[in-house]
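Here is the structure we will look at.
The values are calculated or read from the model by the stated rules, or taken from the named source; none is laboratory data. These numbers were taken from a predicted model, which means no experiment stands behind them. Using ideal geometry, Cβ is built from the backbone for each residue, glycine included, and neighbour counts are taken over all protein chains shown.
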Amino acid sequence: MNMTKEQMQWMVKVFQPEKTVASLPGAASLNEAACAALLGLDPGLYSAELARLAAGAKNATQALLADPQIAAMVDRLPLQAGARVFALGDSRTSDPQSWALILQEMLTARRPSDNISVVASAISGDTTTHALIRISEVLAGEPDWILFFIGLNDARTQGNEPTKTIVHHAETARNFAELRSRIARETKARRIWVTPVPVNENRVSNHWALAAFGVRFLNKDVAEVAAAMRGLDDPVIDLFQRFDKPSLDALLMDDGLHFTEAGQQRIALEILRSWSDLK
């Protein structure tokens with residue numbers, strides 16, 4: 001398949017082969033050239049795009065920290081020296097310039113001696129059911145905080161005439177409850193839940209790649225996921241309610257689903273804003 005520049009950029013931003021196959025024995029030997037081959041991309045172009053995305057994350061970080069009020073939020077985050085933060089998510093978190101990476105960059109810039117780490121435990125396409133499988137890896141990392149930004153793919157449908165979402169919203173609620181229970185039983189980690197944001201339904205259904213796989217989203221289904229998250233007895237950052245359609249559309253890629261660099265920057269800011277108010 002001959003891809004346009006925009007299609008190639010979308011592939012690199014949305015898919016991270018090294019994370020998808022991380023549980024396989026040979027995953028550690030998967031270099032950039034192999035990842036590029038799996039995506040059908042030229043290795044040089046793949047590496048250049050990764051570098052461009054990483055530079056974008058640094059630029060987004062610098063722009064945020066140029067505001068003294070935002071810099072003060074980073075300083076106020078309730079994190080001790082050596083704290084380990086895990087961001088459990090899907091493609092919106094595995095993105096090479098994701099909000100989790102921006103948070104890491106901000107902490108490194110503002111609190112370098114604290115050696116705080118933000119680990120993105122995220123795989124493109126994951127649902128809350130996948131999270132139940134992967135949570136053991138997060139717990140093994142001895143987290144101090146876990147930020148959950150997962151559940152959007154539960155609301156996904158596949159095919160031309162689907163009769164249900166990938167994960168029913170009642171099952172999503174049970175999965176959230178099980179994740180919360182395991183963390184409470186097995187660790188002392190504190191939890192923050194971040195609701196999914198709405199999508200642009202029309203853009204999703206007409207996107208060259210998403211449409212080819214029959215991927216669809218309805219915001220009424222995404223709303224059910226957000227509602228399930230609000231039912232938890234934990235801090236919840238309600239991004240579903242925080243964005244109106246015009247402002248959100250400006251932060252989404254042409255696929256109506258994934259965030260642009262500006263979108264990831266805004267998600268990082270919204271999480272930072274709420275997190276810094278916790279004690």
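Need the failing condition index for ALA55 against (1) without any contact (Cβ under 8 Å) to a residue 60 or more places away in the chain; (2) within 21 Å of the chain's Cα centre (by Cα); (3) surrounded by 15 or more Cβ atoms within 10 Å (Cβ to Cβ), just the number.
Among (1) without any contact (Cβ under 8 Å) to a residue 60 or more places away in the chain; (2) within 21 Å of the chain's Cα centre (by Cα); (3) surrounded by 15 or more Cβ atoms within 10 Å (Cβ to Cβ), ALA55 violates only (3).
Scan segment 186-209 for residues that are assigned to a loop (DSSP other than H, G, I, E, B) and either among the aromatic types (Phe, Trp, Tyr) or surrounded by 15 or more Cβ atoms within 10 Å (Cβ to Cβ) (or both) and jot them down.
THR187, ALA189, THR195, PRO196, VAL197, PRO198, VAL199, ASN200, HIS207, TRP208, listed by residue number.
Which of the residues belonging to segment 1-33 are farther than 16 Å from ASP95 by Cβ, of a type outside the set (D, E, K, R) and in a helix (DSSP H, G or I)?
Those that are farther than 16 Å from ASP95 by Cβ, of a type outside the set (D, E, K, R) and in a helix (DSSP H, G or I): GLN7, ALA27, ALA28, SER29, ALA33.
Quick check: anything in segment 160-180 of a type in the set (D, E, K, R), closer than 19 Å to THR20 by Cα and touching a strand residue (DSSP E or B) at 6+ places or on another chain (Cβ under 7 Å)?
No - not one qualifying residue is present in segment 160-180.
Please work out if ILE150 is surrounded by 16 or more Cβ atoms within 10 Å (Cβ to Cβ), touching a helix residue (DSSP H, G or I) at 6+ places or on another chain (Cβ under 7 Å) and closer than 23 Å to VAL21 by Cβ.
For ILE150, the condition - surrounded by 16 or more Cβ atoms within 10 Å (Cβ to Cβ), touching a helix residue (DSSP H, G or I) at 6+ places or on another chain (Cβ under 7 Å) and closer than 23 Å to VAL21 by Cβ - is met.
Kindly indicate whether any position in segment 68-79 is among the acidic types (Asp, Glu) and in contact with a Ser or Thr (Cβ under 6 Å, 6 or more places away or on another chain).
Within segment 68-79 (the criterion being among the acidic types (Asp, Glu) and in contact with a Ser or Thr (Cβ under 6 Å, 6 or more places away or on another chain)), the answer is no, since none of the residues qualifies.
Among the residues of segment 1-17, which ones are crowded, with 16+ Cβ neighbours inside 10 Å and under 22 Å from the mean Cα position of the chain (by Cα)?
MET8, GLN9, TRP10, MET11, VAL12, LYS13, VAL14, PHE15, GLN16, PRO17
Can you tell me how many residues in segment 84-95 are surrounded by fewer than 19 Cβ atoms within 10 Å (Cβ to Cβ) and out of contact with any strand residue (DSSP E or B) (no Cβ under 7 Å at 6 or more places or on another chain)?
Counting residues in segment 84-95 that are surrounded by fewer than 19 Cβ atoms within 10 Å (Cβ to Cβ) and out of contact with any strand residue (DSSP E or B) (no Cβ under 7 Å at 6 or more places or on another chain) gives 0.
Give ILE183, ILE166 a once-over and let me know the one that is closer than 30 Å to ALA250 by Cα, at pLDDT 95 or above, surrounded by 14 or more Cβ atoms within 10 Å (Cβ to Cβ) and β-branched (Val, Ile, Thr).
Step by step, each of ILE183, ILE166 is checked, and only ILE166 is closer than 30 Å to ALA250 by Cα, at pLDDT 95 or above, surrounded by 14 or more Cβ atoms within 10 Å (Cβ to Cβ) and β-branched (Val, Ile, Thr).
Please go through (1) part of a helix (DSSP H, G or I); (2) under 28 Å from HIS168 (Cβ atoms); (3) not polar (S, T, N, Q) for LEU269 and return the number of the only condition it doesn't satisfy.
All conditions pass for LEU269, except number (2).
When ALA173 is evaluated against the numbered criteria (1) more than 26 Å from ALA83 (Cβ to Cβ); (2) assigned to a loop (DSSP other than H, G, I, E, B), which criterion, by number, is the only one it fails?
Unmet condition: (2).
Within segment 122-131, can one find any residue that is at pLDDT 95 or above, farther than 22 Å from ALA36 by Cβ and touching a Leu at 6+ places or on another chain (Cβ under 8 Å)?
Looking through segment 122-131, at least one residue is at pLDDT 95 or above, farther than 22 Å from ALA36 by Cβ and touching a Leu at 6+ places or on another chain (Cβ under 8 Å).
So which of ALA189, ALA262, ALA226 is closer than 26 Å to PRO143 by Cα, at pLDDT 95 or above, under 18 Å from the mean Cα position of the chain (by Cα) and hydrophobic (A, V, I, L, M, F, W, C)?
ALA226
Quick one: how many residues across segment 34-48 are touching a residue at least 12 places away in the same chain (Cβ under 8 Å), over 15 Å from ASP95 (Cα atoms) and part of a helix (DSSP H, G or I)?
3
Filter segment 137-167 down to the residues that are farther than 18 Å from SER94 by Cα and part of a helix (DSSP H, G or I) and list them by number.
Those that are farther than 18 Å from SER94 by Cα and part of a helix (DSSP H, G or I): LEU139, ALA140, ALA155.
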